[in-house]
Amino acid sequence: MSFNPDKCEVLRITRKRTPIQADYNIHGHQLALAKTGKNLGVTLATDLFWKPHVDSCTKSTNNSLAFLRRNISSCPKDIKLQCYKSLVRPVLDYASAAWDPHTQTCIQQLEAVQRRAARFITGNYRTTSSTSQMIADLGLPTLELRRQHSKLLIMYRITYGLLDIPATDPLRRSITSTRAHGLEDMDGAVVRYWIQYCRTDTYRHSFFISGARLWNQLPKQLTVLQTPESFREGLAGLQFKH
């Protein structure tokens, strides 16, 4: 396979104040440094902050909402709701377990898309009307809660060996040790994880640390459910602390 050096860039991911400087070349062509880059549809930044990805998601979904508003504004509410769920929200949910932001700026920026969608779906653009009530009436959970549920579903599959990620491998690297009492014996066994100290917010809110923290908040009856489907149903309505 041959690479076109003009289409290649270097993305150096580090939080160091004085990172190691090195030049990278392909076919004698020095590659330019990039501040952000996309991998499998997710925008990665050199400092591991998710603001560039959130900006990309909100821009794309706001454009989609504008398109829907121009073309189906006269349709019934249930049609507009289905279009939002099918064409807009999946973009906001895509791989969100990995990039789930922890800053209120990014969280509110994402929720603002759903608030605009609620006004579009209901046709209520009065500034005095509460978008929170509209969202509740439409039966839409917050996007933050959906990201938490997505993360917990992956934690469930990892914990019970339904994904090819051994619970004693990445979790041990992130959490140091686990207190898992008999994963094979489901008679009252409760799986909990010990959360290691995190010096930076970036690490504290990374997938395995934040996922284990959410998992530890689950009631016992949820952690011992037999199938991912029953676990997903059990998550409905649960709220979590950060």
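Quick notes on this one:
- Residue that is surrounded by the fewest Cβ atoms within 10 Å (Cβ to Cβ) [pool: residues in segment 61-95 that are not polar (S, T, N, Q) and not in a helix (DSSP H, G or I)]: 76
- For segment 212-242, the candidate set comprises residues that are of a type in the set (A, V, I, L, M) and out of contact with any strand residue (DSSP E or B) (no Cβ under 6 Å at 6 or more places or on another chain); within that set, the residue that is modelled with the lowest pLDDT is 238.
- Of the residues making up segment 1-60, those that are assigned to a strand (DSSP E or B) and either within 21 Å of residue 102 (Cβ to Cβ) or in contact with a Pro (Cβ under 9 Å, 6 or more places away or on another chain) (or both) are 25, 26, 29, 30, 36, 39, 42, 43, 44, 45.
- Qualifying residue in segment 169-176 (condition: in a loop (DSSP other than H, G, I, E, B) and either modelled with pLDDT of 95 or more or more than 19 Å from the chain's Cα centre (by Cα) (or both)): yes
- Residues in segment 39-94 that are touching a Gly at 6+ places or on another chain (Cβ under 7 Å) and at pLDDT 95 or above: 94 only.
- Scanning segment 187-224 for residues that are assigned to a loop (DSSP other than H, G, I, E, B) and in contact (Cβ under 8 Å) with a residue 40 or more places away in the chain, we see that the one that is surrounded by the most Cβ atoms within 10 Å (Cβ to Cβ) is 218.
- Residues satisfying the stated conditions in segment 96-115, i.e. surrounded by fewer than 20 Cβ atoms within 10 Å (Cβ to Cβ), under 15 Å from residue 61 (Cα atoms) and of a type in the set (Gly, Ala, Ser): 112
The values are calculated or read from the model by the stated rules, or taken from the named source; none is laboratory data. These numbers come from a predicted model, not from an experiment. Virtual Cβ from ideal backbone geometry, glycine too; neighbours counted across all protein chains shown.
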